[in-house]
Amino acid sequence: MEAPAVVNKPTKFQKLRKRVWHDRQLILIGLPGAICLFIFAYIPMFGIVTAFQDYSFRKGILGSKWVGVKYFQQFFSSMFFVRVVRNTLALSVLSLVFGMIFTIVFALMLNEVKDGLMKRFVQTCSYLPHFVSTVVVVGLMAVMLEPKSGIVNLTLQRIFNIAPIQFFDNQNWFRPLYVVSGLWQDIGWGSIIYLGAISAIDPQLYEAAIMDGCSRMKKIWYIVLPCIQPVIMTLLLLSIGGLLNVGYQKILLMYSPGIYETSDVISTYVYRRGIGSAEFGFGSAVGLFNSVFNLFLLFVANYGSKKLTEEYLF
């Protein structure tokens with residue numbers, strides 16, 4: 001009687017090689033992006049060590065003096081710590097909340113436009129501000145809000161008899177101007193993802209709703225919003241992961257020492273201390289704190305979303 005043939009099971013390496021060969025086209029497409037990510041995001045992580053050094057360009061990383069957590073202690077004990085963290089969170093939360101609400105509403109309204117030509121025209125007009133430079137946006141704001149000749153102040157003065165307002169020098173107006181200008185720039189561009197999610201909804205759901213006598217608002221509330229909820233939660237979690245990453249470019253263009261109380265954020269404070277005063281180790285320490293805190297917020301938000309909505313990133 002012949003012995004049964006022995007079947008050799010493929011090893012893990014053979015399975016991996018087979019899978020790589022099967023997906024070779026997708027891997028080649030994603031390879032340039034992975035290489036750029038590794039070069040510009042992972043290799044620079046070695047520079048984190050400067051947060052624990054009195055870094056000097058002349059001595060380099062290997063020759064600079066180690067100071068431990070000195071710069072972290074300086075930042076946490078600084079009189080500006082509470083102010084910059086508070087302002088950063090305020091700008092981020094306001095931009096996130098109003099940005100998501102208005103972007104979703106705009107996408108829902110745009111989806112209800114049935115005239116194809118009109119819809120494309122509105123989409124094009126809403127996308128254009130995204131490609132306008134931040135410098136140009138702030139310049140337009142400065143011209144329109146100029147106290148003597150700006151169209152806004154002239155309108156307020158002639159129609160409502162209100163004295164000219166120094167918008168750019170008034171700390172109470174900084175956050176509204178920052179948020180509104182951000183909405184104008186990004187509301188159209190941000191709606192693209194939501195429009196894509198809405199277009200993927202099964203048409204049979206709409207047909208069933210029409211047969212049941214649902215109005216437009218009920219279709220939006222009971223069909224559209226629940227169907228795009230995974231997209232909303234994913235974008236919300238990704239935004240929370242970068243909550244403290246408030247860009248400094250627009251703020252530097254808008255602010256002045258007179259409105260530091262509401263406009264000074266972590267990135268501008270690091271710019272003044274880290275670059276303006278050449279305290280590179282201090283700047284790295286604050287940047288590391290920023291990244292770690294963002295990571296903490298992401299884990300907390302992901303856990304809460306997983307428990308409440310069953311939508312999560314990991």
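Would you confirm, using the coordinates I've provided, whether Phe75 is out of contact with any strand residue (DSSP E or B) (no Cβ under 9 Å at 6 or more places or on another chain), part of a helix (DSSP H, G or I), among the hydrophobic types (A, V, I, L, M, F, W, C) and modelled with pLDDT under 90? Talk me through it step by step, then tell me what you get.
On the way: out of contact with any strand residue (DSSP E or B) (no Cβ under 9 Å at 6 or more places or on another chain): yes; part of a helix (DSSP H, G or I): yes; among the hydrophobic types (A, V, I, L, M, F, W, C): yes; modelled with pLDDT under 90: no.
So Phe75 does not fit the description; no.
Could you tell me which residue of the stretch 260-278 is farthest from Asp169 (Cα to Cα), considering only residues that are hydrophobic (A, V, I, L, M, F, W, C) and crowded, with 20+ Cβ neighbours inside 10 Å? In this case the residue turns out to be Val270.
Can you pull out the residues in the stretch 270-283 that are outside any loop (DSSP other than H, G, I, E, B) and under 16 Å from Ser78 (Cβ atoms)?
At the first step, the residues of the stretch 270-283 found to be outside any loop (DSSP other than H, G, I, E, B) are 270-276, 280-283.
Once the filter is applied, which keeps residues that are outside any loop (DSSP other than H, G, I, E, B) and under 16 Å from Ser78 (Cβ atoms), the stretch 270-283 yields Val270, Tyr271, Arg272, Arg273, Gly274, Gly276, Gly281, Phe282, Gly283.
Taken as a whole, the stretch 213-230 holds at least one residue that is without any contact (Cβ under 8 Å) to a residue 40 or more places away in the chain and of a type in the set (Lys, Arg).
Taking the stated definitions as given, is Trp184 of a type outside the set (Val, Ile, Thr), in contact with a His (Cβ under 6 Å, 6 or more places away or on another chain) and surrounded by 14 or more Cβ atoms within 10 Å (Cβ to Cβ)? Spelling it out, it is not the case that Trp184 is of a type outside the set (Val, Ile, Thr), in contact with a His (Cβ under 6 Å, 6 or more places away or on another chain) and surrounded by 14 or more Cβ atoms within 10 Å (Cβ to Cβ). Among the residues examined, Val122 does not qualify as in a helix (DSSP H, G or I), more than 18 Å from Tyr194 (Cα to Cα), in contact (Cβ under 8 Å) with a residue 12 or more places away in the chain and of a type outside the set (D, E, K, R).
Evaluate the stretch 38-51: report whether one residue or more is surrounded by 12 or more Cβ atoms within 10 Å (Cβ to Cβ), under 27 Å from Ser277 (Cβ atoms), in contact with a Ser or Thr (Cβ under 6 Å, 6 or more places away or on another chain) and of a type in the set (A, V, I, L, M). Within the stretch 38-51, one or more residues are surrounded by 12 or more Cβ atoms within 10 Å (Cβ to Cβ), under 27 Å from Ser277 (Cβ atoms), in contact with a Ser or Thr (Cβ under 6 Å, 6 or more places away or on another chain) and of a type in the set (A, V, I, L, M).
Residue check: Phe80 meets all listed conditions (1) aromatic (Phe, Trp, Tyr); (2) at pLDDT below 85; (3) under 20 Å from Ile266 (Cβ atoms) but one, namely (2).
Can you go through Ser284, Ser263, Ser277, Ser291 and tell me which one is of a type in the set (Gly, Ala, Ser), more than 14 Å from the chain's Cα centre (by Cα) and within 30 Å of Phe102 (Cβ to Cβ)? Talk me through it step by step, then tell me what you get.
Values: Ser284 fails: within 30 Å of Phe102 (Cβ to Cβ); Ser277 fails: within 30 Å of Phe102 (Cβ to Cβ); Ser291 fails: more than 14 Å from the chain's Cα centre (by Cα).
Every option except Ser263 fails the conditions.
If you go through the stretch 248-269 and keep only what is hydroxyl-bearing (Ser, Thr, Tyr), part of a helix (DSSP H, G or I) and farther than 18 Å from Leu295 by Cβ, you end up with Tyr248, Tyr260, Thr262, Ser263, Thr268, Tyr269.
Taking the options Asn245, Asn302, name whichever one is under 30 Å from Ala51 (Cα atoms), part of a helix (DSSP H, G or I) and polar (S, T, N, Q). Among Asn245, Asn302, only Asn302 is under 30 Å from Ala51 (Cα atoms), part of a helix (DSSP H, G or I) and polar (S, T, N, Q). Tallying residues that are free of Cβ contacts under 8 Å to residues at least 12 places away in the same chain and of a type in the set (D, E, K, R) within the stretch 84-113 yields 1. Of the residues making up the stretch 145-164, those that are aliphatic (A, V, I, L, M) and either surrounded by 14 or more Cβ atoms within 10 Å (Cβ to Cβ) or in contact (Cβ under 8 Å) with a residue 40 or more places away in the chain (or both) number 4. How many of the residues making up the stretch 37-66 are within 20 Å of Ser291 (Cα to Cα) and assigned to a helix (DSSP H, G or I)? Here the count works out to 16.
Suppose the filter is farther than 18 Å from Tyr269 by Cα, part of a loop (DSSP other than H, G, I, E, B) and not small (Gly, Ala, Ser); does Lys9 pass it? Steps first, answer last, please.
Values: farther than 18 Å from Tyr269 by Cα: yes; part of a loop (DSSP other than H, G, I, E, B): yes; not small (Gly, Ala, Ser): yes.
Yes; evaluated as a whole, the condition is true for this residue.
The values are calculated or read from the model by the stated rules, or taken from the named source; none is laboratory data. Quick caveat, the model's predicted, so the values are computed rather than measured. Cβ: placed from backbone, ideal geometry, glycine included. Neighbour counts: every protein chain shown.
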